[in-house]
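Asks: Here it is, the structure, as structure tokens.
The values are calculated or read from the model by the stated rules, or taken from the named source; none is laboratory data. Please read all numbers here as calculations on a predicted model, not as lab measurements. No Cβ is skipped: glycine too gets one built from the backbone with ideal geometry, and neighbour counts run over all protein chains shown.
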Amino acid sequence: MCYSKEVQLTTGSTIILLGSFYYVVYSMRYRAFGTPWLMPFLKNLILGFLMIGGHQVFEFLSLTTQSQWIYKAGLLLSISSMYFFLRSLEALLNRSLRSWIALVVIGAVAVHALFVTLPFGVHEFYVRHNAGFIWASAWMLLFIYFHVCAVRGRRLLRDDRSKRAILTFLLATMDISFILSVIYVLWGYWHFGVNVCTDSPSIWCTFYVVQCVALPVFLSSVPRLIDSPAERTRQTLKETIVSLVVSLVVLCILISTLPFFRCLNMKFVFP
């Protein structure tokens, strides 16, 4: 039996409600510290969470109404989370990472979605994206760029504790659910026919609810774990180009594995 609609509503509502609750609780705590970067960090991090929660709710609505516009709006909410996660990393490192690049990518995805039909359907506990290659490739590009910037940004932090905390930040923000979804997708592919191309994006978003458990643990420790640089810096154009090229290469390597999962017969679908 398929419980996709109920699962999307439950996970989306949980992410939104807990994310909003965490913002209220930790904004009071962070203001007491008087550290200028904590509030921008918290605001953008929670907004990223809320975008993914909103995506889940919009998937429920799209399944209920079968509306293309609601479905496309949900996809844009999901990818918009990467802009806010980049902004939170900028606050953490006190460094401009040219996060406006994410807005350009999101805008391009929006224009593409405006002129095409994006079929979707229910499957098990998640939504099957039958034509989401452009959206999901752009999502992965920003996801990889976010990680490249985080890893490169560790060198700006003075002590080892702060550098290790960046890795914890990645886990608390997205990577726990990503790792779990990859394990599930690969196991499901070999054992009960999970379609890596059309199923993995929604499986990841559905699993994202587990980040609500890791988030408060990280937020509670941020003020004592991370010593953000006092001086504001800016990622150079060369550094930005290098980070984007690395991200594109990694994305191309990932896409090149699709034939292994029998995706060649699909038109513009995501892994």
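Asks: Which of the numbered conditions does Ala172 fail, given that it passes all the others? Conditions: (1) surrounded by fewer than 17 Cβ atoms within 10 Å (Cβ to Cβ); (2) free of Cβ contacts under 8 Å to residues at least 60 places away in the same chain; (3) in contact with a Phe, Trp or Tyr (Cβ under 8 Å, 6 or more places away or on another chain).
Replies: Exception for Ala172: condition (1).
Asks: While we're on this one: Could you please let me know if His129 is surrounded by 20 or more Cβ atoms within 10 Å (Cβ to Cβ) and either in contact with a helix residue (DSSP H, G or I) (Cβ under 6 Å, 6 or more places away or on another chain) or of a type in the set (Phe, Trp, Tyr) (or both)?
Replies: Against the criterion (surrounded by 20 or more Cβ atoms within 10 Å (Cβ to Cβ) and either in contact with a helix residue (DSSP H, G or I) (Cβ under 6 Å, 6 or more places away or on another chain) or of a type in the set (Phe, Trp, Tyr) (or both)), His129 qualifies.
Asks: Now for a separate question. For the stretch 132-212, please list each of the helices (runs of 4 or more DSSP H) lying entirely inside it that holds at least 1 residues being over 24 Å from Phe41 (Cβ atoms), modelled with pLDDT under 90 and out of contact with any Cys (no Cβ under 8 Å at 6 or more places or on another chain).
Replies: 133-153, 176-192, 196-207
Asks: Sticking with this structure for a sec: If we scan the stretch 176-193, do we find a residue that is among the hydrophobic types (A, V, I, L, M, F, W, C), buried (at least 17 other Cβ atoms within 10 Å of the Cβ), touching a residue at least 40 places away in the same chain (Cβ under 8 Å) and closer than 26 Å to Cys212 by Cβ?
Replies: Scanning the stretch 176-193, I find no residue that is among the hydrophobic types (A, V, I, L, M, F, W, C), buried (at least 17 other Cβ atoms within 10 Å of the Cβ), touching a residue at least 40 places away in the same chain (Cβ under 8 Å) and closer than 26 Å to Cys212 by Cβ, so the answer is no.
Asks: Here's something else I'd like to know. Kindly indicate whether Leu97 is in contact with a Cys (Cβ under 8 Å, 6 or more places away or on another chain), under 20 Å from Leu251 (Cβ atoms), among the hydrophobic types (A, V, I, L, M, F, W, C) and in contact (Cβ under 8 Å) with a residue 24 or more places away in the chain.
Replies: So Leu97 passes the test.
Asks: Search the stretch 144-158 for residues that are of a type in the set (Lys, Arg) and pair each with any residue that is buried (at least 19 other Cβ atoms within 10 Å of the Cβ) when their beta-carbon atoms are under 6 Å apart and the residues are at least 6 apart or on different chains.
Replies: Between residues of the stretch 144-158 that are of a type in the set (Lys, Arg) and residues that are buried (at least 19 other Cβ atoms within 10 Å of the Cβ), the close pairs are Arg154/Ile166.
Asks: Tell me whether the stretch 93-100 contains one or more residues that are in a helix (DSSP H, G or I), under 24 Å from Arg224 (Cα atoms) and in contact with a Pro (Cβ under 6 Å, 6 or more places away or on another chain).
Replies: So far as the stretch 93-100 goes, no, none of its residues is in a helix (DSSP H, G or I), under 24 Å from Arg224 (Cα atoms) and in contact with a Pro (Cβ under 6 Å, 6 or more places away or on another chain).
Asks: From Ser62, Ser67, grab the single residue that is crowded, with 19+ Cβ neighbours inside 10 Å, small (Gly, Ala, Ser), more than 17 Å from the chain's Cα centre (by Cα) and under 25 Å from Gly107 (Cα atoms).
Replies: Ser62
Asks: Condition (residue is farther than 21 Å from Leu215 by Cβ, small (Gly, Ala, Ser) and without any contact (Cβ under 8 Å) to a residue 60 or more places away in the chain) applied to the stretch 9-21: is it met by at least one residue?
Replies: Scanning the stretch 9-21, I find no residue that is farther than 21 Å from Leu215 by Cβ, small (Gly, Ala, Ser) and without any contact (Cβ under 8 Å) to a residue 60 or more places away in the chain, so the answer is no.
Asks: Take Arg155 and decide whether it is out of contact with any strand residue (DSSP E or B) (no Cβ under 8 Å at 6 or more places or on another chain) and basic (Lys, Arg).
Replies: yes
Asks: I need the full set of residues from the stretch 101-126 which are assigned to a loop (DSSP other than H, G, I, E, B) and among the aliphatic types (A, V, I, L, M), in order please.
Replies: The answer is Val116, Leu118.
Asks: Same structure again: Name the residues in the stretch 14-57 that are small (Gly, Ala, Ser), part of a helix (DSSP H, G or I) and more than 17 Å from the chain's Cα centre (by Cα), would you?
Replies: Ser20, Ser27, Ala32
Asks: Could you list all residues from the stretch 153-169 that are of a type outside the set (A, V, I, L, M, F, W, C) and either over 17 Å from Arg95 (Cβ atoms) or surrounded by fewer than 18 Cβ atoms within 10 Å (Cβ to Cβ) (or both)?
Replies: Correct list: Arg154, Arg155, Arg158, Asp159, Asp160, Arg161, Lys163, Arg164, Thr168.
Asks: Of all residues in the stretch 221-256, how many are exposed (fewer than 14 other Cβ atoms within 10 Å of the Cβ), under 22 Å from Arg87 (Cβ atoms) and of a type in the set (Ser, Thr, Tyr)?
Replies: Selection size over the stretch 221-256: 3.
Asks: If you go through the stretch 10-55, how many residues are farther than 20 Å from Phe178 by Cα and among the hydrophobic types (A, V, I, L, M, F, W, C)?
Replies: 12
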